[in-house]
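Asker: The following block contains the structure, expressed as structure tokens.
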């Protein structure tokens, strides 16, 4: 998985945040751009993210672990 930009959606868990990642797809028949959204649970061990922040998420360095981690906060709200 490539690093993705998203918005912090919820911070109600300990050391975890929910990140909403929007992405676009074009409908095959009607050629209309449709915005899809996906929510990922992301590890935030220092608990520095707050709701509404623009963040970059990526996979942790392990080859076999599929856990996502917060790598950078671009914009604090």
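Nothing in this text is a laboratory measurement; each read-out follows from the coordinates by a stated rule. It should be emphasised that the depicted structure is a prediction, and the values quoted were computed from it without experimental measurement. Using ideal geometry, Cβ is built from the backbone for each residue, glycine included, and neighbour counts are taken over all protein chains shown.
Asker: Criterion first (without any contact (Cβ under 8 Å) to a residue 60 or more places away in the chain, in a strand (DSSP E or B) and either in contact with a helix residue (DSSP H, G or I) (Cβ under 6 Å, 6 or more places away or on another chain) or surrounded by 10 or more Cβ atoms within 10 Å (Cβ to Cβ) (or both)) does residue 55 satisfy it?
Answerer: For residue 55, the condition - without any contact (Cβ under 8 Å) to a residue 60 or more places away in the chain, in a strand (DSSP E or B) and either in contact with a helix residue (DSSP H, G or I) (Cβ under 6 Å, 6 or more places away or on another chain) or surrounded by 10 or more Cβ atoms within 10 Å (Cβ to Cβ) (or both) - is met.
Asker: Can I ask one more? Of everything in region 14-53, what is farther than 21 Å from residue 74 by Cβ and in contact with a strand residue (DSSP E or B) (Cβ under 8 Å, 6 or more places away or on another chain)? Give them in sequence order.
Answerer: 25, 26, 27, 32, 33, 34, 36
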